[in-house]
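Take a look at the structure set out below.
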Amino acid sequence: MDFSAYSSCILCPMECRVDRTAGQTGRCQMTDTLVVARAALHFWEEPCLSGEEGSGTVFFSGCALGCVYCQNRAISKELAGKAVSAARLAEIFLELQGK
């Protein structure tokens, strides 16, 4: 996985330009570690997206936005989740695809 964009981070609209590869954190509070809070089938999106069998969804920890009515605050601001490697994340995607 290419983490070069993390050395001067502009991955979100805040464009904080911190060096996440050096352990710095921006508004999202994240370094270059992938943190997955939840991975599961999701049945509550619009039917054209989820169909009858659901769509795979992966929730990542950390968020730079400050939405007043955030429904995922425990994930986005309290940094719930588990660190995973890029290889494990790929496995998670494939596991969801197989369900």
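Is it true that some residue in segment 44-60 is surrounded by 14 or more Cβ atoms within 10 Å (Cβ to Cβ), in a helix (DSSP H, G or I) and either modelled with pLDDT of 90 or more or of a type in the set (Gly, Ala, Ser) (or both)? Explain how you work it out, then say what you get.
Let us first name the residues in segment 44-60 that are surrounded by 14 or more Cβ atoms within 10 Å (Cβ to Cβ), namely 50, 54-60.
Narrowing further to those that are in a helix (DSSP H, G or I): 50.
Now drop any that are not either modelled with pLDDT of 90 or more or of a type in the set (Gly, Ala, Ser) (or both), which leaves 50.
Within segment 44-60, one or more residues are surrounded by 14 or more Cβ atoms within 10 Å (Cβ to Cβ), in a helix (DSSP H, G or I) and either modelled with pLDDT of 90 or more or of a type in the set (Gly, Ala, Ser) (or both).
The residues listed here are Ala74, Ala83, Ala39, Ala90; of these, the one that is part of a helix (DSSP H, G or I), of a type in the set (Gly, Ala, Ser) and modelled with pLDDT of 90 or more is Ala90. Pick from segment 1-14 the residues that are assigned to a loop (DSSP other than H, G, I, E, B) and touching a helix residue (DSSP H, G or I) at 6+ places or on another chain (Cβ under 9 Å): which of them is modelled with the highest pLDDT? If we take residues in segment 1-14 being assigned to a loop (DSSP other than H, G, I, E, B) and touching a helix residue (DSSP H, G or I) at 6+ places or on another chain (Cβ under 9 Å), then Cys9 is modelled with the highest pLDDT.
The values are calculated or read from the model by the stated rules, or taken from the named source; none is laboratory data. As the structure is a prediction and not an experimental result, all values here were calculated from the model. Note that each Cβ is placed from the backbone with ideal geometry, even for glycine, and that neighbours are counted across all protein chains shown.
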